[in-house]
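J.: My questions will all concern the structure given below.
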Amino acid sequence: MEPLSRAETLNVLASMGLELPEGTKLVQDVLERRLRAALHAAQESGKISDQSSIQLLSKWPLPVAGEQNIRQRPLLEAVRRGNMDEARQNVMQGSYTGPALYLNPFMDLRQTIMSLANTLDNGLMWCTIQDPERENHAINIRFLHVYEVDEHTPALVLLYFPVSRANALEGARWVQYQVQNNPKNLGGVGMNINASPLEQKVLLKLLGMNEKLLPSDFVPVRRRFEEKYRASVILPVGPLSFEAIGKLTADSGCTICGKRGARRCSQCQSAAYCSTECQKIDWPAHKHTCRSLKGARWCAVPFRATGPGMEGMYTAFVNRYTGTTSIRDIPVSIPPEVGQAPVPPPDVHGDRPFIVKLQVGLTGPGRDTIVVYDRQRSFSHAYVARMDNPAMFEELVTEMVGPRGGYGGVKMYRWAKRSGDWTFEICVDRQPEADIKW
């Protein structure tokens with residue numbers, strides 16, 4: 001199977017929430033690196049600390065035909081991942097019917113991984129993934145082990161082999177052999193999972209990446225017809241978190257080609273270019289943002305680590321990207337010890353402008369506090385309190401409810417800079433031109 005094309009790579013990135021400007025000139029190598037990083041983040045592969053550790057994990061308690069085991073846990077539920085936005089959509093639908101197939105390659109990939117888990121839950125140790133027409137592309141898979149990374153995360157160790165028309169006979173012989181060697185209680189049962197060619201390409205990319213999760217001396221027990229099969233690992237794959245998307249879109253180098261070491265536009269500092277040539281190419285798209293910042297009014301806005309009346313409290317922010325697998329998915333801000341001064345959040349932006357979201361509380365004391373954060377969540381919680389600067393606070397709220405605010409008058413986006421440990425410079429009277437989706 002051919003590797004992902006440029007158009008397909010952009011399609012997959014967009015399906016993961018990493019949309020790039022239309023007509024982006026980022027080279028394929030940069031797009032490839034971004035896709036690999038996104039897939040690593042989606043499956044939380046960092047949970048496996050090193051290659052040698054995976055074989056030291058406990059075995060996942062799989063169901064065994066004819067046996068009852070109170071420890072067994074269905075893999076289908078264990079690999080299921082979601083977020084608040086998807087949960088909301090399911091509630092609105094009234095029941096979970098599953099997303100439409102072959103429209104979103106990343107969602108399709110997640111559905112296929114759930115089907116792989118369901119295969120194991122039903123006692124089968126092999127399956128075939130085929131295109132819907134069952135004529136062009138397939139992937140043969142046989143499961144070797146299932147390990148327990150933690151109570152919510154299984155690791156499926158397997159052998160895989162891509163099949164095309166050129167080697168279809170090899171693939172068919174393998175399937176026939178698997179059927180003949182099924183456990184007696186399963187007879188001639190086999191599992192076939194439909195997956196589009198694009199989804200199969202993404203799955204093969206993931207499997208290729210995850211080969212590195214196995215130790216270099218790992219030697220799988222191969223059966224007949226499996227001499228060319230490669231060993232890899234499948235982990236649960238879920239939607240990217242807010243923080244992951246922020247990190248993956250934080251510093252993409254030159255706006256046009258993605259080269260590192262790019263310098264910022266001298267007029268607005270909001271875009272980076274590696275050369276005058278790239279800057280000229282981007283000017284038709286960039287000029288609106290650049291001119292919108294020229295002559296803007298920047299005001300000093302003090303912020304604090306804790307909202308008034310929240311001192312000593314644990315706080316957590318839940319948004320549509322928050323995972324729903326476990327309560328541990330929700331990041332919690334731990335207050336400083338009594339009498340201990342709060343530590344200023346890190347300044348990852350330096351002198352560069354960045355976009356922040358400002359959101360005021362809806363009722364009661366919340367109306368006297370504005371929460372501020374950037375796409376990266378580089379400062380986890382920043383609060384602007386009315387009591388610290390009443391006039392500035394009122395001006396920000398007035399902007400929210402005015403024509404440059406929107407969003408029901410409770411939030412807005414603005415350009416900002418860090419001007420001190422506990423101070424922002426915020427461009428109060430100009431709305432970012434960018435199409436902001438967070």
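The values are calculated or read from the model by the stated rules, or taken from the named source; none is laboratory data. Everything quoted here is computed from the prediction, not taken from an experiment. Note that each Cβ is placed from the backbone with ideal geometry, even for glycine, and that neighbours are counted across all protein chains shown. The area values use the complete protein model at the heavy-atom level, side chains included, leaving out ligands, DNA and RNA. Shrake-Rupley method; radii C 1.70, N 1.55, O 1.52, S 1.80 Å.
J.: Could you list, in sequence order, the residues of region 258-278 that are farther than 30 Å from Leu396 by Cα and open to solvent by less than 70 Å² (accessible area, probe 1.4 Å)?
T.: Those that are farther than 30 Å from Leu396 by Cα and open to solvent by less than 70 Å² (accessible area, probe 1.4 Å): Gly258, Ala262, Tyr273, Cys274, Ser275, Cys278.
J.: From the residues in region 344-361 that are of a type outside the set (A, V, I, L, M, F, W, C) and open to solvent by 40 Å² or more (accessible area, probe 1.4 Å), which one is nearest to Met412 (Cα to Cα)?
T.: The selected residue is Gln359.
J.: Are any residues in region 157-213 open to solvent by less than 40 Å² (accessible area, probe 1.4 Å) and more than 30 Å from Ile48 (Cα to Cα), and if so, which ones?
T.: Ser164, Asn167, Gly171, Trp174, Gln178, Asn182, Leu186, Gly187
J.: Restricting the search to region 29-50, which residues are assigned to a helix (DSSP H, G or I) and hydroxyl-bearing (Ser, Thr, Tyr)?
T.: Ser45
J.: Also, I was wondering about something else. Identify, please: which residue in region 117-135 is within 14 Å of Leu76 (Cβ to Cβ) and of a type in the set (S, T, N, Q) and is, among those, surrounded by the most Cβ atoms within 10 Å (Cβ to Cβ)?
T.: Residue satisfying both the conditions and the ranking: Thr119.
J.: Next up: Among (1) open to solvent by 70 Å² or more (accessible area, probe 1.4 Å); (2) modelled with pLDDT of 90 or more; (3) over 15 Å from the mean Cα position of the chain (by Cα), there is one condition Pro21 misses while meeting the rest; what is its number?
T.: For Pro21, the exception is condition (2).
J.: Would it be correct to say that Pro390 is over 29 Å from the mean Cα position of the chain (by Cα), touching a residue at least 24 places away in the same chain (Cβ under 8 Å) and more than 16 Å from Ala305 (Cα to Cα)?
T.: no
J.: Something else about it: So which residues in region 55-89 are touching a Lys or Arg at 6+ places or on another chain (Cβ under 8 Å), modelled with pLDDT of 90 or more and charged (D, E, K, R), if there are any at all?
T.: Hit for region 55-89 is Arg81, nothing else.
J.: Can you go through Ser49, Ser45 and tell me which one is among the small types (Gly, Ala, Ser), farther than 20 Å from Ala195 by Cα and at pLDDT 80 or above?
T.: The conditions single out Ser45.
J.: Kindly indicate which of Ala195, Ala172, Ala166 is more than 17 Å from Leu39 (Cα to Cα) and in contact with a Ser or Thr (Cβ under 6 Å, 6 or more places away or on another chain).
T.: Ala195
J.: Something else now. Please count how many residues of region 145-184 are within 12 Å of Pro236 (Cα to Cα) and not in a strand (DSSP E or B).
T.: 1
J.: Return the pair list, or none, for Cβ contacts closer than 7 Å from residues in region 295-313 that are within 14 Å of Val384 (Cβ to Cβ) and touching a residue at least 12 places away in the same chain (Cβ under 8 Å) to residues that are part of a strand (DSSP E or B) and open to solvent by 60 Å² or more (accessible area, probe 1.4 Å), at least 6 apart or on different chains.
T.: From region 295-313, the pairs are Ala300/Ser419.
J.: Among (1) crowded, with 16+ Cβ neighbours inside 10 Å; (2) among the hydroxyl-bearing types (Ser, Thr, Tyr); (3) closer than 27 Å to Leu56 by Cβ, where does Ser216 come up short?
T.: Evaluating Ser216 over (1) crowded, with 16+ Cβ neighbours inside 10 Å; (2) among the hydroxyl-bearing types (Ser, Thr, Tyr); (3) closer than 27 Å to Leu56 by Cβ leaves (1) as the failure.
J.: Just need a number here: residues in region 279-302 that are within 25 Å of Ser419 (Cβ to Cβ), out of contact with any Asp or Glu (no Cβ under 8 Å at 6 or more places or on another chain) and open to solvent by less than 50 Å² (accessible area, probe 1.4 Å).
T.: Here the count works out to 3.
J.: For Ala100, only one of the following conditions fails: (1) of a type in the set (Gly, Ala, Ser); (2) open to solvent by 40 Å² or more (accessible area, probe 1.4 Å); (3) over 24 Å from the mean Cα position of the chain (by Cα). What is its number?
T.: Tallying (1) of a type in the set (Gly, Ala, Ser); (2) open to solvent by 40 Å² or more (accessible area, probe 1.4 Å); (3) over 24 Å from the mean Cα position of the chain (by Cα), Ala100 fails exactly one: (3).
J.: Continuing with this model, one more query. Can you confirm whether region 110-133 contains a residue that is part of a helix (DSSP H, G or I) and aromatic (Phe, Trp, Tyr)?
T.: no
J.: Looking at (1) surrounded by fewer than 21 Cβ atoms within 10 Å (Cβ to Cβ); (2) modelled with pLDDT of 95 or more; (3) among the β-branched types (Val, Ile, Thr), which one does Ile113 not meet, given that it meets all the others?
T.: That leaves (1) as the condition not met.
J.: Quick one: is Ala138 modelled with pLDDT of 95 or more, out of contact with any Gly (no Cβ under 8 Å at 6 or more places or on another chain) and either part of a helix (DSSP H, G or I) or buried (at least 19 other Cβ atoms within 10 Å of the Cβ) (or both)?
T.: No; evaluated as a whole, the condition is false for this residue.
J.: Is it true that Val318 is touching a helix residue (DSSP H, G or I) at 6+ places or on another chain (Cβ under 8 Å), aliphatic (A, V, I, L, M), modelled with pLDDT under 85 and not in a helix (DSSP H, G or I)?
T.: yes
J.: Same structure again: Output the qualifying pairs, or none if there are none: Cβ atoms under 7 angstrom, residues six or more apart or on different chains, first residue in region 67-92 and closer than 22 Å to Leu116 by Cβ and assigned to a loop (DSSP other than H, G, I, E, B), second residue among the acidic types (Asp, Glu) and modelled with pLDDT of 90 or more.
T.: Here the result reads Pro74/Asp121, each pair linking region 67-92 to a residue that is among the acidic types (Asp, Glu) and modelled with pLDDT of 90 or more.
J.: In region 264-294, what residues are free of Cβ contacts under 8 Å to residues at least 12 places away in the same chain, within 24 Å of Gln28 (Cβ to Cβ) and among the charged types (D, E, K, R)?
T.: Listed by number, the residues that qualify are Glu277, Lys280.
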